[in-house]
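Contents: one structure, followed by commentary.
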Amino acid sequence: MTSGSSAHDVILVWQDGQEGSDEREERLSVGEDEIVLTAAECAGVALPFGCRTGACATCTGKLLDGRIEHARPPRALKERHREAGYVLLCIAEPRSDCRIVVGSSVQAELVSNPWQ
Ligand code: FES
């Protein structure tokens with residue numbers, strides 16, 4: 001959480017249920033210079049993560065709406081993944097209000113098809 005003036009509403013969406021039936025959402029207030037994963041932890045929201053440096057993709061989310069910038073190069077994402085809206089929450093800073101699909105099923109999308 002932040003009390004800064006440039007905080008954005010970041011809505012995290014879990015879509016782990018069949019056809020989204022178990023969809024759950026959490027709303028966070030995240031500052032422009034704050035990392036989404038860290039803000040979630042401060043709010044008591046558990047997200048998957050590994051390296052915390054943008055190298056392993058465990059923390060991958062998919063941006064539905066809004067703008068995210070990575071605080072360092074997102075090495076775990078290929079160019080086409082970034083173009084498709086995937087973001088690494090361990091190095092993600094919001095630049096607007098955002099909606100992001102999160103949870104381990106998002107990373108599975110990246111690796112489910114080896115030819116992607
Ligand atoms: S935790 Fe490894 S890329 Fe984010």
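Please find, within region 29-62, the residue that is farthest from residue 101 (Cα to Cα) out of those that are assigned to a strand (DSSP E or B) and either of a type in the set (Ser, Thr, Tyr) or open to solvent by 40 Å² or more (accessible area, probe 1.4 Å) (or both).
29
Of these, 53, 58, which one is within 9 Å of the ligand (Cβ to nearest atom) and either within 20 Å of residue 13 (Cα to Cα) or within 12 Å of the chain's Cα centre (by Cα) (or both)?
Exactly one of 53, 58 is within 9 Å of the ligand (Cβ to nearest atom) and either within 20 Å of residue 13 (Cα to Cα) or within 12 Å of the chain's Cα centre (by Cα) (or both), namely 58.
Quick one: in region 63-77, which of the residues that are among the basic types (Lys, Arg) and within 13 Å of the ligand (Cβ to nearest atom) is most open to solvent (accessible area, probe 1.4 Å)?
Kept after step one, since they are among the basic types (Lys, Arg), are these residues of region 63-77: 67, 72, 75.
Filter again for within 13 Å of the ligand (Cβ to nearest atom), leaving 72, 75.
Working: 72: 114, 75: 162 Å².
Within region 63-77, the match that is most open to solvent (accessible area, probe 1.4 Å) is 75.
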Checking residue 1 against (1) modelled with pLDDT under 95; (2) surrounded by fewer than 19 Cβ atoms within 10 Å (Cβ to Cβ); (3) in contact with a Lys or Arg (Cβ under 9 Å, 6 or more places away or on another chain); (4) among the hydrophobic types (A, V, I, L, M, F, W, C), only one condition comes out false. Which one? (3)
Output the number of residues of region 4-15 satisfying the condition of being over 18 Å from residue 97 (Cα atoms) and either at pLDDT below 70 or of a type in the set (Phe, Trp, Tyr) (or both). 0
Among residues of region 78-97 being among the acidic types (Asp, Glu) and open to solvent by 60 Å² or more (accessible area, probe 1.4 Å), the residue farthest from residue 7 (Cα to Cα) is 79
Report, by residue number, each residue of region 81-114 that is within 15 Å of the ligand (Cβ to nearest atom), part of a loop (DSSP other than H, G, I, E, B) and at pLDDT below 95. 103
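The values are calculated or read from the model by the stated rules, or taken from the named source; none is laboratory data. From a predicted model like this one, the values you see are computed outputs, not experimental measurements. No Cβ is skipped: glycine too gets one built from the backbone with ideal geometry, and neighbour counts run over all protein chains shown. These area figures cover heavy atoms from the full protein model, side chains too; ligands, DNA and RNA do not enter into them. Shrake-Rupley method; radii C 1.70, N 1.55, O 1.52, S 1.80 Å.
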